[in-house]
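Take a look at the structure set out below.
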Amino acid sequence: MRSHVRPRRGMICDMLDIKTSQETVEVSIMRLPGAEDVPLPSYQTDHAAGMDLHAAVTADTVVTPGEIARIPCGFALAVPVGYEAQVRPRSGLAARNGVTMINGPGTIDADYRGQVKVPLINHGNEPFTITRGMRIAQMLITPVPRVQWQPVDELPETRRGDGGFGHTGH
């Protein structure tokens with residue numbers, strides 16, 4: 001007989017072993033000289049996954065179609081060991097202007113201490129101008145487990161097997 005009891009959110013989270021509280025990670029950040037007016041990374045909504053990164057260009061920067069420009073963000077940070085900072089494109093820039101990251105997502109390792117820069121490419125048909133303070137990318141701080149390889153002679157079989165790159169026909 002089928003149950004008509006609707007599971008509560010807590011029940012579903014328990015079944016899937018999902019933690020519902022958010023962890024806070026402290027990250028040291030240093031605003032660089034000349035970027036005092038550029039906002040530090042910040043969440044734009046209460047439930048945003050990524051923090052927006054702002055351009056710290058000293059003058060308007062025109063990125064022509066097909067061109068790649070490394071845009072400074074005006075800060076450096078110390079990502080805690082066991083974490084990475086992922087830099088991702090902003091969907092609005094890509095959808096409206098064809099401007100995205102050349103290597104998205106990009107990784108900032110825990111031992112990097114230089115200025116954060118975003119490599120943007122213009123895939124659009126028109127030149128695109130980056131202005132000081134413009135939101136150009138987003139950044140997430142995510143845990144990164146260390147891997148210990150376990151060499152084996154055979155891997156467990158799966159239905160997919162070694163099918164890749166379009167093997168499903170879509």
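Structure values in brief
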read-out	value
Count of the stretch 82-133 residues which are surrounded by fewer than 19 Cβ atoms within 10 Å (Cβ to Cβ), over 13 Å from the mean Cα position of the chain (by Cα) and touching a residue at least 60 places away in the same chain (Cβ under 8 Å)	9
Of residues in the stretch 19-44 being among the β-branched types (Val, Ile, Thr) and at pLDDT below 95, the one surrounded by the most Cβ atoms within 10 Å (Cβ to Cβ)	VAL25
Residues located in the stretch 40-58, provided they are of a type in the set (Gly, Ala, Ser), in contact (Cβ under 8 Å) with a residue 60 or more places away in the chain and either under 24 Å from ASN122 (Cα atoms) or not in a loop (DSSP other than H, G, I, E, B) (or both)	GLY50, ALA55, ALA56
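The values are calculated or read from the model by the stated rules, or taken from the named source; none is laboratory data. What you see is a predicted model, and the numbers here were worked out from it, not measured in a lab. Cβ sites come from the backbone with ideal geometry, for glycine too, and all protein chains shown count toward neighbours.
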